[in-house]
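Below: the structure, in structure tokens.
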Amino acid sequence: MFAFVRNGFHPCFSVSKSFSRFTARAAAGGHLENGTVTLNNNNSITVTDLAMKWDTLRAALDVDIPEICVGGFCIIPNLTGGCAVRARRSAPSAPTPISPSRSTSAGW
């Protein structure tokens, strides 16, 4: 009976929390291995040598870098107060996440 319960127990969870431009994420999951059950004379049960083995253990920090415009300034002004040659204005199209993670299983 104990082996059935132990082998069927696979806890897993994931959590995510946003802090302005940062998002922290974590995921974990595992299973139980080994362990022995002893029935004691005082109507109690003792479980020993039970080990939790991690199948997935992952943490990530996403950073939303704000849009930064580069360029758009005048390179060569003309005599009328305008601009003859202007630098091209460019900006990133999407936030860039930075997610270092460590995992023993595939996928997020």
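Working note: Karplus 6.51/-1.76/1.60 with θ = phi - 60° gives the stretch 50-56 the couplings 8, 10, 9, 10, 7, 8, 9 Hz, where Gly and Pro are set to x.
Between residue 73 and residue 2, the distance separating the two model label sites (each 7 Å from Cα on the Cα→Cβ line) works out to 7.4 nm. Here's the picture: charge each Lys and Arg Cβ at +1 and each Asp and Glu Cβ at -1 in the stretch 2-64, and of 44, 18, 30 the one pushed furthest to the positive end of that dipole is 18.
The charge dipole of the stretch 2-64, taken about its Cα centre with unit charges on the Cβ atoms of Lys, Arg (+1), Asp and Glu (-1) only, comes to about 160 debye.
Remark: the residue 57-residue 13 segment gains 14.9 nm on full extension, using 0.36 nm per residue and subtracting the alpha carbon distance.
Every read-out reported here was derived from the displayed coordinates using simple, explicitly stated rules and does not represent laboratory data. Everything numeric in this text was worked out from a predicted model, so none of it was measured. Methodologically, a virtual Cβ is constructed for each residue, glycine included, from the backbone with ideal geometry; neighbour enumeration extends over all protein chains shown.
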